[in-house]
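To start, the structure under review is shown below, and the notes come after it.
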Amino acid sequence: MKPETKKAEEKMQKALAALNSNFNTIRAGRANPAVLDRITVEYYGTPTPLNQMAAISVPDPRTLMISPWDRSTLKSIEKAIQTSDLGINPNNDGSVIRLVFPPMTSERRSELAKEVHKMAEDGKIALRNIRRDAMDKLKAQKKNGEITEDDVKDGEKEIQKVTDKYVKEADAMADKKIKEIQEI
């Protein structure tokens, strides 16, 4: 495998990892601590990720329990959850915060499926941009006389093969997430 192809593949792996973490933030009817990954809480004037301020557990399939290590942060954690795009009201009992996930309606499921499709498409666009950059580098190398026309053609085929592989993987990840959303 050529160095350009290797670099492109590493970038594509990172793009898929980012896509996967985006998928994890979508709540699919069951409680998943990953939906709180993007929530930051104002802690002594510093925005701090929620998962660094509290233990997050799943006592049952529809409930997340947030136990802050510093009880004085309960109010600010509650406020951060309310202002986030999570769409769930936290229940604060003075020592822990509970998030109860309601069962999803079919409308909400189709909205989330559309959101997954959009995220997958954005991920595939990122993959194609990586492919374009790698192919541009090959053409620049040919222009500078560093490689031959045949090397360019071989490199383009390799890069296309790698791109196709990762696009298929992105589609498979999206299909898996949509199935998870559609489960009742």
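The values are calculated or read from the model by the stated rules, or taken from the named source; none is laboratory data. Quick caveat, the model's predicted, so the values are computed rather than measured. Cβ atoms come from the backbone with ideal geometry, glycine included; neighbour counts cover every protein chain shown. SASA here: full protein model, heavy atoms, side chains in, ligands and nucleic acids out. Shrake-Rupley method; radii C 1.70, N 1.55, O 1.52, S 1.80 Å.
Overview of values
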quantity: Those residues of the stretch 4-62 which are over 30 Å from K157 (Cα atoms), acidic (D, E) and not in a loop (DSSP other than H, G, I, E, B), in sequence order; calculated: E42, D60
quantity: Yes/no for D85 being out of contact with any Lys or Arg (no Cβ under 9 Å at 6 or more places or on another chain) and either part of a helix (DSSP H, G or I) or open to solvent by 40 Å² or more (accessible area, probe 1.4 Å) (or both); calculated: no
quantity: Evaluation of K142 against (1) touching a helix residue (DSSP H, G or I) at 6+ places or on another chain (Cβ under 7 Å); (2) open to solvent by less than 60 Å² (accessible area, probe 1.4 Å) (one fails), failing number; calculated: (2)
quantity: Output for the stretch 88-108, where each listed residue is among the β-branched types (V, I, T) and either open to solvent by 30 Å² or more (accessible area, probe 1.4 Å) or more than 19 Å from I56 (Cα to Cα) (or both); calculated: V100, T105
quantity: Selection count where residues are within 14 Å of K179 (Cα to Cα) and either open to solvent by 60 Å² or more (accessible area, probe 1.4 Å) or aliphatic (A, V, I, L, M) (or both), scope the stretch 109-119; calculated: 7
quantity: Test for I130: is it in a helix (DSSP H, G or I) and open to solvent by 20 Å² or more (accessible area, probe 1.4 Å); calculated: yes
quantity: Residue among A18, A31 that alone is open to solvent by less than 40 Å² (accessible area, probe 1.4 Å), closer than 30 Å to S110 by Cβ and under 18 Å from the mean Cα position of the chain (by Cα); calculated: A31
quantity: Qualifying residue in the stretch 138-149 (condition: under 28 Å from A172 (Cβ atoms), assigned to a helix (DSSP H, G or I) and among the small types (G, A, S)); calculated: no
